[in-house]
Amino acid sequence: MKESTITILIILGFLFLSVMKTISWMNSTYDKAIIYQEDVDKSLGDVVTQNQISVDLISKLVNNVKGYVAHEQETLIGVIEARAKATSTTLNSGNLNAENIQSFQEAQSGLSSALSKLMLVVEQYPVLKANQNFSELQAQLEDAENRISVSKMKYNESVNIYNFHIRGKFRKWALNIIGEDDEFPKKEMFEAVSENAEVRPKVEF
């Protein structure tokens with residue numbers, strides 16, 4: 001076999017291996033993007049679930065205290081209305097953008113503010129504070145608030161990993177070739193909507 005033929009075969013073999021490695025890398029990049037995107041969606045689901053648990057506990061807390069502070073109608077109505085807004089403002093993988101995240105956080109912040117006002121009222125009722133059901137709800141709500149903070153932190157971590165992966169120059173090129181248009185959009189994080197927006201109320205005395 002002529003040397004020129006051998007050289008051509010070597011070059012073709014090298015090109016073939018290079019193409020196969022590139023295809024393998026592109027597939028791996030695409031698969032990782034899917035995994036990271038699913039991690040973001042799961043983390044978001046955890047945030048929404050923990051918020052819903054907190055909202056439900058607040059509803060039970062209101063029902064527990066309103067018999068004691070029935071004349072504090074303005075405060076009670078404020079919590080009920082804030083809870084309704086928080087319940088109606090939801091997030092999912094299909095509407096995950098900066099505007100909706102801000103609306104979600106503002107609704108949760110409004111509920112936290114209304115609950116804080118209610119807790120100031122409850123402070124004036126020693127009998128209520130000594131009520132076992134109320135004490136149990138306090139503990140459950142505080143635990144729920146801690147889980148919300150943890151779930152938001154995990155969500156932001158998963159978004160960091162996902163955004164870093166999809167924004168790399170060559171990875172972005174590979175995803176644009178293999179994936180569909182806008183299959184992997186940039187994800188938004190939870191950030192404080194105001195200076196104290198992420199300071200959830202502590203339900204303790």
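The values are calculated or read from the model by the stated rules, or taken from the named source; none is laboratory data. Nothing here was measured: the structure is a model prediction, and the numbers come from that model. Backbone-built Cβ (ideal geometry, glycine too); neighbour counts: all protein chains shown.
Screening F164, F134, F184, F170 for residues that are more than 14 Å from the chain's Cα centre (by Cα), closer than 30 Å to V69 by Cα and aromatic (F, W, Y) leaves exactly one candidate, F134.
Restricting segment 53-72 to residues that are assigned to a helix (DSSP H, G or I), in contact (Cβ under 8 Å) with a residue 24 or more places away in the chain and not hydrophobic (A, V, I, L, M, F, W, C), the residue that is surrounded by the most Cβ atoms within 10 Å (Cβ to Cβ) is S54.
Scanning segment 73-85 for residues that are within 23 Å of P126 (Cα to Cα) and either touching a helix residue (DSSP H, G or I) at 6+ places or on another chain (Cβ under 6 Å) or not in a helix (DSSP H, G or I) (or both) yields T75, G78, V79. The number of residues in segment 106-136 being surrounded by fewer than 21 Cβ atoms within 10 Å (Cβ to Cβ) and among the β-branched types (V, I, T) comes to 2. How many of the residues making up segment 130-159 are among the small types (G, A, S), outside any helix (DSSP H, G or I) and either in contact with a Pro (Cβ under 6 Å, 6 or more places away or on another chain) or touching a residue at least 24 places away in the same chain (Cβ under 8 Å) (or both)? Of the residues in that region, 0 qualify. Checking the structure you have, find out if any residue of segment 121-129 is in contact (Cβ under 8 Å) with a residue 12 or more places away in the chain and of a type in the set (S, T, N, Q). Checking segment 121-129: not a single residue is in contact (Cβ under 8 Å) with a residue 12 or more places away in the chain and of a type in the set (S, T, N, Q).
When segment 160-202 is filtered for residues that are modelled with pLDDT of 85 or more, out of contact with any helix residue (DSSP H, G or I) (no Cβ under 9 Å at 6 or more places or on another chain) and part of a loop (DSSP other than H, G, I, E, B), nothing remains.
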